[in-house]
Amino acid sequence: MRYVSLLGLGLVFGASVLSGGCATISKDDCLAGNWAERGLKDGRNGKSRSRLSEYKDKCAKHSAVVDHTTYLREYERGLVSYCVYDKGYDKAASGGSYNSVCNGPLAPDYTAGYEDGKELYQIKQGHSRLIDNYDETLDDIITIRIKLDNPEVDDKEYRRLEKKLLRLQDRRAALRRDIRDYERDFDLPRYNFN
């Protein structure tokens, strides 16, 4: 069940990344020609510079000309507020990839934040892997208990299942300790074992 929900989240995330790369602009926006506002907004949101050529292509279909000088001037102003430590940190801490629009003199703060956020993301991923292993072990224990409750299980199989159950219970206890140690080492909130 968990695999399905993670797969679903991955598909949604992938779709949003793909759609986020495409510049959408309406005919009205092309004709309005507010390139300063659009450039500033795209820069503040860390959008790719390639949007400008996409705007040019789309607006050409409506006989509208893109003021690339104004757009780029404001885009660069917008990047100043995007390429900061906090944005880099948030991007990496949520599992996002490095945004290469922050380059040159804008790169150091963003990159430092990204590296720190990436460290946090990796810590959280390690915690999630431990919890996933714990949950899988718990599921295996439940499955074995159900099999042990079956009156049709012969003695040999019953003994084998009991040994397997003991191994799984030992593994579960070890994983609980590992999770608590990990939480203590990295000052993470405690997982609620059911």
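The values are calculated or read from the model by the stated rules, or taken from the named source; none is laboratory data. These numbers come from a predicted model, not from an experiment. Here Cβ is always computed from backbone atoms with ideal geometry, including for glycine, and neighbour counts include all displayed protein chains. Surface areas here come from the heavy atoms of the whole protein model, side chains and all, with no ligands, DNA or RNA. Shrake-Rupley method; radii C 1.70, N 1.55, O 1.52, S 1.80 Å.
Run H62 past the list (1) within 22 Å of L31 (Cβ to Cβ); (2) part of a loop (DSSP other than H, G, I, E, B); (3) open to solvent by 80 Å² or more (accessible area, probe 1.4 Å) and report the number of the one that doesn't hold.
Unmet for H62, out of (1) within 22 Å of L31 (Cβ to Cβ); (2) part of a loop (DSSP other than H, G, I, E, B); (3) open to solvent by 80 Å² or more (accessible area, probe 1.4 Å): (3).
It is to be established whether one or more residues within the stretch 177-189 are closer than 25 Å to D116 by Cβ, loosely packed, with under 11 Cβ neighbours inside 10 Å and touching a helix residue (DSSP H, G or I) at 6+ places or on another chain (Cβ under 8 Å).
Within the stretch 177-189 (the criterion being closer than 25 Å to D116 by Cβ, loosely packed, with under 11 Cβ neighbours inside 10 Å and touching a helix residue (DSSP H, G or I) at 6+ places or on another chain (Cβ under 8 Å)), the answer is yes, since at least one residue qualifies.
Tell me yes or no: at least one residue of the stretch 91-112 is over 30 Å from D132 (Cα atoms), modelled with pLDDT of 95 or more, charged (D, E, K, R) and surrounded by 13 or more Cβ atoms within 10 Å (Cβ to Cβ).
Yes.
When you check D140 against the structure, is it under 30 Å from K124 (Cβ atoms), out of contact with any Lys or Arg (no Cβ under 7 Å at 6 or more places or on another chain) and open to solvent by 30 Å² or more (accessible area, probe 1.4 Å), yes or no?
Yes, satisfied.
Condition first: closer than 22 Å to Y89 by Cα and modelled with pLDDT under 95. Now tell me which residues in the stretch 19-45 satisfy that.
G20, G21
Are any of the residues in the stretch 89-100 touching a residue at least 40 places away in the same chain (Cβ under 8 Å) and in contact with a Lys or Arg (Cβ under 8 Å, 6 or more places away or on another chain)?
Yes, the stretch 89-100 contains at least one residue that is touching a residue at least 40 places away in the same chain (Cβ under 8 Å) and in contact with a Lys or Arg (Cβ under 8 Å, 6 or more places away or on another chain).
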